[in-house]
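Scroll down for the structure; my scribbles are underneath it.
What follows is calculated from the coordinates using simple rules that are stated; it is not laboratory data. Bear in mind the structure is a predicted one, so any value in this text is a computation, not a measurement. With ideal geometry, Cβ positions are generated from the backbone for all residues, glycine too; neighbour counts draw on all protein chains shown.
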Amino acid sequence: MNSMMEIYLFYAAVIMYCVSAVAYISFFVIKNNKLCKIGEVALLLAFGIHTLALGVRTVVAGRLPLTNQYEFATSFAWGIALVTIIFQKKFNFKTLGAIVCPVLVIIIGYAALQNKQINELMPALQSNWLSIHVGTAIISYGSFGVAFGVAFLYLVRDLIKDKKFVEEHLPDCELLDLIGYRAIALGFIFLTLVMVTGAIWAERAWGHYWSWDPKETWSLITWFVYAIYLHVRISKGWSGKKAAWFALIGFICVVFTYIGVNTFIPSLHSYA
């Protein structure tokens with residue numbers, strides 16, 4: 001079972017995300033403010049279309065689209081878009097999309113390669129904990145994606161030769177550091193909820209809270225990376241480049257936890 005309307009909307013969203021990424025990157029290269037506006041508008045349109053696509057799939061499937069590789073990848077991309085839009089608005093940081101949108105395109109491109117068939121849920125997935133567990137993961141991963149973009153911009157900010165462009169369109173290093181910290185703090189809260197709800201769900205489905213499944217193990221590794229980041233920042237005042245590198249490493253762990261484990265390592269979570 002599948003919905004052609006959802007497929008058309010999905011690919012329309014993919015195209016608009018690509019337009020947004022190209023416009024933002026071109027803005028950095030050409031320094032034309034109109035391109036930044038095009039990127040911003042394209043991102044909003046893509047997010048709106050993407051939301052409709054997920055809504056249609058929810059109606060057709062009779063459940064939230066959170067149960068297989070395609071559904072989680074497209075929802076992962078949606079979460080990154082949502083948090084990016086929120087942070088761009090909150091901090092008047094429109095150029096954040098120049099880094100985050102290409103990452104978003106890679107993730108939704110990965111979704112486009114997956115089987116989009118709507119199938120019946122396996123018994124382990126027939127639980128209300130599914131929506132809570134995976135929903136918190138989407139917000140968590142989206143926040144970490146934004147932190148990755150902010151960290152990257154922090155590290156390259158001083159390397160950009162056009163200082164006038166930097167002053168007009170990029171926050172100063174102190175604010176970039178603060179934005180990255182807040183994105184990671186938000187993501188960490190939701191990642192903790194992912195771990196807790198996953199343990200409760202596992203106990204209900206399989207009779208044990210933790211099994212050292214590869215995805216569980218890598219989720220724990222990712223949690224520790226961000227926990228160390230928050231600990232050394234709060235207790236030792238770490239910030240700046242060291243904090244930015246932590247954010248980059250943490251997001252690499254996030255991507256491997258989802259794509260790497262699913263692709264290369266047999267797991268109880270291989271369905272998502």
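Give me the percent relative contact order of the chain, please, defined on Cα pairs under 8 angstrom at least 6 residues apart. Mind dumping the intermediate values first?
Values: 360 pairs, mean separation 50.1, N = 272.
Across the chain, relative contact order equals 18 percent.
Most fluctuating residue of 30, 179, 108 in a GNM of the chain with Cα springs under 10 Å: which is it?
Highest fluctuation of the listed residues: 30.
Give the calculated FRET efficiency between residue 217 and residue 196 to the nearest 0.05, with a Förster radius of 25 Å applied to their Cβ-Cβ distance. Before the final figure, lay out each step's value.
On the way: r = 16 Å, r/R0 = 0.65.
It comes to 0.95.
Taking only C-alpha pairs under 8 Å that are 6+ residues apart, what is the relative contact order of segment 1-120 in percent? Kindly include the intermediate steps, with their values, before the conclusion.
Numbers: 145 pairs, mean separation 41.0, N = 120.
Rounded, it is 34 percent for segment 1-120.
Can you give the relative contact order of segment 128-272 as a percent, counting alpha carbon pairs under 8 Å and 6+ residues apart? Let's see the in-between values first.
Working: 151 pairs, mean separation 45.9, N = 145.
Reported relative contact order: 32 percent.
When the helix-only estimate is applied to the chain (DSSP H runs of n ≥ 4, each -39,500 (n - 2.57), divided by the residue count), what is the mean residue ellipticity at 222 nm, nearest 500 deg cm²/dmol?
Working: 10 runs with 208 residues, N = 272.
That comes out to -26500 deg cm²/dmol.
Cα-based Rg of segment 1-120 per 2.2 N^0.38 Å, rounded to two decimals?
Details: Rg = 14.6 Å, N = 120, 2.2 N^0.38 = 13.6 Å.
Expressed relative to 2.2 N^0.38 Å, the Cα Rg reads 1.07.
Amide H to amide H under 5 Å from residue 238: which residues, 5+ apart in sequence or cross-chain, H placed 1.01 Å off N in plane?
Distant-sequence amide H within range of residue 238: 233.
Can you tell me the Rg and Dmax of segment 128-272, counting just the alpha carbons, in angstroms?
For segment 128-272, the Cα radius of gyration and maximum Cα-Cα distance read 17.1, 60 Å.
What residues qualify as long-range amide H neighbours of residue 67, i.e. H under 5 Å apart, gap of 5 or more or another chain, H built at 1.01 Å from N?
72
For residue 161, give me every one of the lysines with a C-alpha distance below 29 angstrom, ignoring sequence neighbours fewer than eight places off in its own chain.
Straight-distance partners of residue 161: 31, 34, 37, 89, 90, 94, 241, 242.
Within 10 Å of each candidate Cβ there may be at most 15 other Cβ atoms; applying that plus a DSSP loop requirement, which chymotrypsin sites (Phe, Trp or Tyr not before Pro) in segment 124-230 survive?
Values: sites: 129, 141, 144, 148, 152, 154, 165, 181, 188, 190, 201, 206, 209, 210, 212, 218, 223, 224, 226, 229; in loops: 209, 210, 212.
Answer by residue number: 209, 210, 212.
Please work out the Cα convex hull volume for the chain and give it in Å³ per residue. Present the calculation step by step, with values, prior to reporting the outcome.
On the way: hull volume 31.9 nm³, N = 272.
Value for the chain: 117 Å³ per residue.
Which helices count as membrane-span-like in the chain under these terms: full DSSP H, at least 24 Å along the axis by C-alpha, Kyte-Doolittle mean of 1.6 or more? The partial results should precede the final answer.
Values: long enough: 4-30 (38 Å, 1.93); 33-61 (42 Å, 1.24); 69-91 (33 Å, 0.65); 129-157 (42 Å, 1.37); 173-206 (47 Å, 1.26); 214-236 (32 Å, 0.27).
TM-like helix candidates: 4-30.
Which of 24, 70, 110 moves most in a GNM of the chain, Cα contacts under 10 Å?
It is 110.
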